[in-house]
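The values are calculated or read from the model by the stated rules, or taken from the named source; none is laboratory data. In this text the structure is predicted, and so the values were computed from the model without any measurement. Here Cβ is always computed from backbone atoms with ideal geometry, including for glycine, and neighbour counts include all displayed protein chains.
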Amino acid sequence: QKEVEQNSGPLSVPEGAIASLNCTYSDRGSQSFFWYRQYSGKSPELIMFIYSNGDKEDGRFTAQLNKASQYVSLLIRDSQPSDSATYLCAVTSGAGSYQLTFGKGTKLSVIP
Amino acid sequence: SQTIHQWPATLVQPVGSPLSLECTVEGTSNPNLYWYRQAAGRGLQLLFYSVGIGQISSEVPQNLSASRPQDRQFILSSKKLLLSDSGFYLCAWGFSLGQMNTEAFFGQGTRLTVV
């Protein structure tokens, strides 16, 4: 059973701080890693993806991947109240797998 | 650019009634198509995926079924709804590059309440 684990939160950070969201996965053969943001009552929207070990930066967002530790994280710099949402980690395996396995998400609250 | 349409946005159905949710994708060909369900307080659960017309894989045995009558159309159905079928249903599309999947892009979702 492939599993993706996230701390459910809520994670509260003050406006302007760095928010750090973490995710671990069980399938060592996983190849693709995604972060989605989901506002309450809305569908998930993709914000980052990462395939290789190391860091990937996109604006205020940085994804970090460590395949040896089976760990992926998302850093949000200069957090804004509009970043308040649930963040979902998703993982795919290779070898013809066609599905994303999602974690249950971490709820982030940015306090003005 | 690609867009995905899903309807209806909300639906209230009595127990035992049938269900039909439809999803269409525009601006792309031969996408992978997915149906997910998100129950209150739970994560996204993959229900069905399809890699081509008429090709459906089921991930969870239940009273739901899916069909793909056209390349960019994906339908979720039930003959008789149960209370436990309530949830947020999401259609998504994506691609496979060789043996790797790309990300999935979600429709707006249908919030189903079975009463």
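Of the set (1) more than 9 Å from chain B (Cβ to nearest Cβ); (2) touching a residue at least 60 places away in the same chain (Cβ under 8 Å); (3) touching a Ser or Thr at 6+ places or on another chain (Cβ under 9 Å), all apply to A:F33 but (2).
Remark: pairs (first residue in region A:39-57, under 30 Å from B:L112 (Cβ atoms); second residue β-branched (V, I, T); Cβ separation under 9 Å; 6+ apart in sequence or on different chains) = A:Y39/A:T86; A:S40/A:T86; A:P44/A:T86; A:M48/A:T62; A:F49/B:T102. Any chance region A:81-99 includes a residue that's of a type in the set (S, T, N, Q), at pLDDT 95 or above, assigned to a loop (DSSP other than H, G, I, E, B) and over 24 Å from B:S50 (Cα atoms)? Within region A:81-99, one or more residues are of a type in the set (S, T, N, Q), at pLDDT 95 or above, assigned to a loop (DSSP other than H, G, I, E, B) and over 24 Å from B:S50 (Cα atoms).
Taking region A:43-60, which residues are crowded, with 17+ Cβ neighbours inside 10 Å and more than 8 Å from every other protein chain (Cβ to nearest Cβ)? Result: A:I47, A:M48, A:I50.
Filtered by the rule that a residue be within 11 Å of chain A (Cβ to nearest Cβ), in a strand (DSSP E or B), surrounded by 14 or more Cβ atoms within 10 Å (Cβ to Cβ) and of a type outside the set (G, A, S), region B:43-66 gives B:L44, B:Q45, B:L46, B:L47, B:F48, B:Y49, B:V51. Taking the condition in contact (Cβ under 8 Å) with a residue 12 or more places away in the chain, in a loop (DSSP other than H, G, I, E, B) and of a type outside the set (S, T, Y), does B:A40 pass? Yes, satisfied.
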